[in-house]
């Protein structure tokens, strides 16, 4: 073990500290969620991207690949690759627009809807460390954390309209409206 | 455009809705932060992983590769690859432990500390959409959002001790303590 050879660089002013704080906080939040999401999908062959695409299609019936990329915050090539994989597995169909051949629409199939239902049925809250922790928080604070500050920031960052499409509403999940 | 061919699967109960909400919220949060982080590093050749490693080493002097992986929430192979890249660029040195040859310590160099200082100097808050938005929030709410609910959840999820090492304190950033 060598001793420290140089003097720490001061990352010192308040704004720079705040930036580091939210960078690391957000990364740690996403990593915890990603682990839980992987756990949700472990009985399937679906990646998080593929699952996200099916979820948006379930709520919307059909969407263009570029709309899926925008809503799912993916690169267009990621959305394309994931959609083609889902098409091969018969979870969705792809059709070129008759008006503009460069535009491709994805439509979820019954098989696609079925796997979403199966995932929900198999999901067990007690199997999730994350939900154990949010449940503890809700017992302590009287309600589950709604991360309101994050939501306010993101509404402002992405725009109210895109945000409300990205963060699916309870209603749209239930009715597909 | 074909019409919708099947009936939406109900992703309906309150817990399942809540799960979807925090999944998508956290993903959108991380994506916004990641874009800002990329923007911070655009004048360098550093990836987010490499920058994270240098930041932890700046605060701690030296750390094992496995400690870096744990703190930076990376796979061990990601931490190894990033450390080797940083070593090639002379931003850190790597030494095998004399006690246990399987353990490798990384130590930040003066050049490594210098690039962190350069990044801080070049960072311009007005160049960041994210910080424009948090500044707006602080004008409205009287203080910058501290995402307290996220912090409480993550302390509980990762453990208080790991959390406080991962989310670098203002003091440790400034003093390297």
Is it the case, given these coordinates, that residue A:107 is closer than 30 Å to residue B:49 by Cβ, surrounded by 16 or more Cβ atoms within 10 Å (Cβ to Cβ), at the interface with chain B (Cβ under 9 Å from one of its Cβ atoms) and in contact (Cβ under 8 Å) with a residue 40 or more places away in the chain? no
Given (1) within 7 Å of another protein chain (Cβ to nearest Cβ); (2) touching a helix residue (DSSP H, G or I) at 6+ places or on another chain (Cβ under 9 Å); (3) part of a helix (DSSP H, G or I), index of the condition residue B:168 fails: (3)
Boolean, residue A:98 is at pLDDT below 95 and in contact with a strand residue (DSSP E or B) (Cβ under 6 Å, 6 or more places away or on another chain): no
Whether any residue in region A:76-94 is in a loop (DSSP other than H, G, I, E, B), in contact with a strand residue (DSSP E or B) (Cβ under 6 Å, 6 or more places away or on another chain) and closer than 23 Å to residue A:166 by Cα is what I want to check. no
Answer yes if at least one residue in region A:121-143 is surrounded by 15 or more Cβ atoms within 10 Å (Cβ to Cβ), modelled with pLDDT of 95 or more and facing another protein chain (nearest Cβ under 9 Å), and no otherwise. no
Just one of B:146, B:118 is under 19 Å from the mean Cα position of the chain (by Cα), loosely packed, with under 15 Cβ neighbours inside 10 Å, outside any helix (DSSP H, G or I) and within 11 Å of chain A (Cβ to nearest Cβ); which is it? B:146
Only one residue in B:140, B:56 is closer than 19 Å to residue A:23 by Cα and assigned to a helix (DSSP H, G or I). Which one? B:56
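The values are calculated or read from the model by the stated rules, or taken from the named source; none is laboratory data. In this text the structure is predicted, and so the values were computed from the model without any measurement. In this analysis, Cβ positions are derived from the backbone assuming ideal geometry, glycine residues included, and neighbour counts consider all displayed protein chains.
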